[in-house]
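So the structure is just underneath, and the comments pick up after that.
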Amino acid sequence: MKKVILFANVDWYLYNFRLGLAKELRDRGTDVVLVSPKGEYAASLQAEGFRFIELPFESGSKNPLKNWRLKKRIHSLYHSENPDLVHHFTIKCVLFGGLAARRSKIPMVNAVTGLGHLFTHNSMVNRLLRPLVCSTYRKICRAEKSATIFQNKEDQQYFVDRGLVDSKNATLIRGSGADCDRFVPLENPNGRCKIVFASRLIREKGVFELIEAIRILKAKGLDFDFVMAGDPFPGNPSSLTETEISAYQQEFDLPGHVDDMPALLRSADIVVLPSWAEGTPRVLLEAGACGKPIVATNIAGCRGVVVPGRNGMLVPVGDVMKLADALEKLFVNPDLRRQYGKESRKLIESGFSEKSVIERTIQVYDRLLA
């Protein structure tokens with residue numbers, strides 16, 4: 001491969017989740033071009049020695065004219081760069097980048113990291129758009145030189161059952177992996193129990209259920225620290241508003257986006273993610289690498305990363321009381337937390353390390369270009 005384009009909806013994603021892949025490709029002699037809207041991480045990507053191309057767009061926009069213009073800009077970019085392969089991350093990049101790659105006959109890898117808001121919310125607009133989106137998926141995922149990577153079996157089966165992808169062109173790779181050299185176990189030096197949530201501040205991440213569960217535990221007199229780290233997502237209709245965040249800041253520790261994720265996760269005693277839907281959450285992989293017990297929801301993306309009775313607990317989606325009970329069980333039992341934490345590290349090392357994910361991803365590239 002002489003040139004590969006990695007295309008995502010935010011530069012933050014490329015820096016935090018795919019920098020290892022970009023470096024490995026570069027080490028193998030490939031020219032790597034990183035494409036996304038420009039944010040505060042573009043300079044960091046360039047400082048790492050990569051060429052970054054700004055492609056502005058709104059992730060959550062359903063405006064037909066804006067989306068038509070986006071497709072034209074992507075096609076123009078692909079035509080001028082003429083890469084050997086493009087890898088699309090996140091839904092909008094997969095859909096519009098896929099159409100542009102198909103038109104230009106460029107081999108493409110599409111990463112389906114979850115079904116997204118369009119499939120998890122049953123609004124009138126979403127119901128109207130779903131057939132069109134499924135038709136688009138079918139065009140790009142069944143294109144002649146196309147491979148699709150899924151982060152969980154259920155999403156993969158959903159696409160296969162509906163004919164959106166041919167099973168022989170579908171590969172399961174659970175997430176982007178955790179850097180086990182960077183994320184290492186360390187007990188919380190403060191001794192005071194800390195519960196940490198670290199993800200986008202949107203409704204689908206279970207933030208409202210988590211806040212209610214924390215309030216229940218505080219009302220019982222349980223004394224612990226709670227940190228809810230992450231940014232809102234203004235382009236997403238489910239994002240917490242600035243007004244809501246300001247109100248919660250009077251009650252909880254909301255530091256916003258945290259750059260030093262290893263330090264944040266190492267400071268935790270329990271990591272929680274009560275999400276409604278996921279591909280395979282990177283934060284759970286990194287929490288596991290840090291040797292932390294995990295409480296998550298019993299959904300496709302979390303199962304396997306969290307094994308009940310081994311390294312954490314799974315609770316039903318939206319069940320505040322079950323969520324509170326799981327957190328309380330770990331809070332009152334430090335020995336169980338340590339036991340689960342050790343198993344978390346073993347589990348990540350055995351099948352979810354970043355090195356293994358990168359190697360399997362490049363194998364997909366090689367098969368596609370063979």
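The values are calculated or read from the model by the stated rules, or taken from the named source; none is laboratory data. All of these numbers come straight from a predicted model, not from anything done at the bench. No Cβ is skipped: glycine too gets one built from the backbone with ideal geometry, and neighbour counts run over all protein chains shown. All accessible areas refer to the heavy atoms of the entire protein, side chains included, with ligands and DNA or RNA removed. Shrake-Rupley method; radii C 1.70, N 1.55, O 1.52, S 1.80 Å.
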Students often forget the sequence filter, so: which aspartates and glutamates lie under 20 Å Cα-Cα from residue 105 once same-chain residues fewer than 8 apart are removed? 31, 81, 84, 144, 166, 366
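What ratio of Cα Rg to 2.2 N^0.38 Å holds for segment 1-120?
On the way: Rg = 13.6 Å, N = 120, 2.2 N^0.38 = 13.6 Å.
This ratio for segment 1-120 stands at 1.00.
Please compute the length gained on full extension between residue 23 and residue 241, using 0.36 nm multiplied by the number of residues separating them and subtracting their Cα-Cα distance. Could the numbers behind the result be given before it?
On the way: separation 218, 0.36 × 218 = 78.48 nm, distance 3.63 nm.
Using 0.36 nm per residue and subtracting the Cα-Cα distance, I get 74.9 nm.
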Where the accessible area of the chain is counted over protein heavy atoms with a 1.4 Å probe, how much of it, in %, is carbon and sulfur? 50
Estimated vicinal HN-Hα couplings, Hz - segment 309-323 in sequence order (Karplus 6.51, -1.76, 1.60; Gly, Pro = x): x, 10, 10, x, 9, 10, 10, x, 4, x, 8, 4, 5, 5, 5
So how do 218, 292, 205 rank on accessible area, 1.4 Å probe, biggest first, that is with the largest at the start? 218, 205, 292
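When only DSSP loop residues count, what trypsin sites (Lys or Arg not before Pro) in segment 7-116 have their Cβ near at most 12 other Cβ atoms within 10 Å? Write down the numbers at each step before the final one.
Numbers: sites: 18, 23, 26, 28, 38, 51, 62, 66, 69, 71, 72, 73, 92, 102, 103, 105; in loops: 18, 28, 38, 62, 105.
Listed in order of number, the matching sites are 28, 105.
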Hydrodynamic radius by Kirkwood for segment 147-257, inverse mean 1/r across distinct Cα pairs, in Å, is 17.3
For residue 206, the residues 5 or more places away or on another chain with a placed amide H closer than 5 Å to its own amide H are 276
Where the Cα atoms of the chain are projected onto their three principal axes, how long is each span, largest first, in whole Å? 62, 46, 40
Per-residue ellipticity at 222 nm attributable to helices in the chain (runs of n ≥ 4 DSSP H, -39500 (n - 2.57) apiece, nearest 500 deg cm²/dmol) works out to -13000 deg cm²/dmol
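Tell me the per residue accessible area of the chain using a 1.4 Å probe; a whole number in Å² is fine. Each step should come with its number before you reach the end.
Working: 16100 Å² over 370 residues.
On a per-residue basis, the chain sits at 44 Å².
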May I have the pair-distance distribution P(r) for segment 265-370, computed from all Cα-Cα distances with 5 Å bins from 0 and rounded to whole percent? 2, 13, 22, 22, 17, 9, 6, 4, 2, 1, 0, 0
